[in-house]
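The values are calculated or read from the model by the stated rules, or taken from the named source; none is laboratory data. Not measured: the values here are computed from a predicted model. Cβ sites come from the backbone with ideal geometry, for glycine too, and all protein chains shown count toward neighbours.
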């Protein structure tokens, strides 16, 4: 599995972005959303039990993430049509404010090293990626244990908070060059 | 005309007799400024007006600064006042507290504006220094002073900035007093 400090893999996939007829799908790549942080989170399969709660949980915090210049991108190995069907089908997903990536060719999950060898689908993995495309946080849980979106927000906050004031400098430490 | 709606120059001119010294100091330091660049001067006036917390002064100073500063510099000066409002309290606590442990604990306060303001860094640091002088944080004064000197700013320039800060602050206090003082003849 890719870790902290490594570059998030290149990819180009179709994503389900809306339930509006004619506007459901868009192509999203690793270069989309320049200048933003990205929160990529993957789940094993659409239409399963734990996932909608988590996904909706991230959806509820979307404006908080957006305020911190972070774009949420959810995904699984399901096709964009399965994503659309699921969003149409499940009350909690109807108004989802972020795209669902379709990693049908498993290009993202394989490069990330989160393709589960037994099941052949994505593990429940979350990555925070900075505007330079570098992975800054990795969070993976097994099977049916859901994630805590607030925790990811807390980490993003911490990653973005630097003591930049010279008041913070201690004797003998390196100068901050701003 | 009420004090609220006056722009800066008429506001200064309307200062009462007891503040004549302030009026003249403002005249030599701001109107006859020869030591600071226009950006340094007006960013100092604006950030210090905000730190002084006088409605009339802040409103007039913002309007005056808008005519003198680029959009980016104006926002940067406002950012300096905003962030120093926070940092001056936080770091002053750290250096005043007898328990030195606080100085070793992470601040966990966002202050990304210090990095992203987009103007010349020595000017931004001068504004931070000016606001720190008003808010009275010794640790902040020392560290910002050190930073600007490392960037080549002279002690004379620092003094010029602090003079402006001092006078702006005093004018703010007088304006506030004048607003609430009953002027009607006895």
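Listed values, structure above:
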{"item": "Hits in region A:26-61 (condition: at negative phi and loosely packed, with under 14 Cβ neighbours inside 10 Å)", "result": "A:27, A:29, A:31, A:34, A:48, A:49, A:53, A:60"}
{"item": "Test: residue in region B:15-26 that is part of a helix (DSSP H, G or I), closer than 30 Å to residue B:121 by Cβ and at pLDDT 95 or above", "result": "yes"}
